[in-house]
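The values are calculated or read from the model by the stated rules, or taken from the named source; none is laboratory data. These figures come from a predicted structure and were not determined experimentally. Counting neighbours? That spans all protein chains shown, and the Cβs are built from the backbone with ideal geometry, glycine included.
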Amino acid sequence: MFPSIVKAGIGIGGEYGEGALRIKGKTAGYYNSISASVSFQLGVQARSVIILFMTEDALGSFRRKDGWKVGVDGSVALITLGAGGSIDTNQITKPVIGFILDEKGLMYNLTLEGSKISRIKR
């Protein structure tokens, strides 16, 4: 769970946020998410991201990595709400699914692809 990830860019962009891994209602570790990109983008955006590991294998793979990169170490099926608040149930069957919530600000190019998630040593 990442309560706030801030993304900003004018051609070259970057994003950063901190969050916690929760397993069965308890915090199992703290993580950061960071990425950089070069593409058509303009603006600033704050958003909340929730990534759900739907299988023990997917969670185990995430926990074994020092830095888990979305799209390389694991694919995240991004869930979006359709017309009338409907969810594509085909995506829910994937091993890792993600939700992007509370979009604030104006930003084109909404994705988690390329984000690197690393454990924060506290």
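Each row is one residue, and each column tells you yes or no for (1) modelled with pLDDT under 80; (2) surrounded by 12 or more Cβ atoms within 10 Å (Cβ to Cβ); (3) under 16 Å from the mean Cα position of the chain (by Cα); (4) under 17 Å from Asn32 (Cα atoms).
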| site | (1), (2), (3), (4) |
| --- | --- |
| Gly43 | no, yes, no, no |
| Ile50 | no, yes, yes, yes |
| Lys69 | no, yes, yes, yes |
| Ile79 | yes, yes, yes, no |
| Thr89 | yes, no, no, no |
| Asp102 | yes, no, yes, no |
| Arg119 | no, yes, yes, yes |
Within region 34-49, residues being touching a strand residue (DSSP E or B) at 6+ places or on another chain (Cβ under 7 Å) and over 13 Å from Ser4 (Cβ atoms) number 8
Mind listing whichever residues of region 28-65 are charged (D, E, K, R) and more than 16 Å from Lys116 (Cα to Cα)? Arg47, Glu56, Asp57
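Looking at region 5-21, which of the residues that are more than 13 Å from Val49 (Cα to Cα) and within 17 Å of the chain's Cα centre (by Cα) is modelled with the lowest pLDDT?
Looking only at region 5-21, we keep the residues that are more than 13 Å from Val49 (Cα to Cα), and these are 8-14.
When the remaining residues are screened for being within 17 Å of the chain's Cα centre (by Cα), the result is 8, 13-14.
On the way: Ala8: 88, Gly13: 85, Gly14: 89.
My answer is Gly13.
Working only within region 12-36, note down all residues that are surrounded by fewer than 18 Cβ atoms within 10 Å (Cβ to Cβ) and among the hydroxyl-bearing types (Ser, Thr, Tyr). Spell out the reasoning first.
Within region 12-36, the first condition is being surrounded by fewer than 18 Cβ atoms within 10 Å (Cβ to Cβ), and the residues that meet it are 12, 14, 16, 18, 20, 22-30, 32, 34, 36.
Of everything in region 12-36, those that are surrounded by fewer than 18 Cβ atoms within 10 Å (Cβ to Cβ) and among the hydroxyl-bearing types (Ser, Thr, Tyr) turn out to be Tyr16, Thr27, Tyr30.
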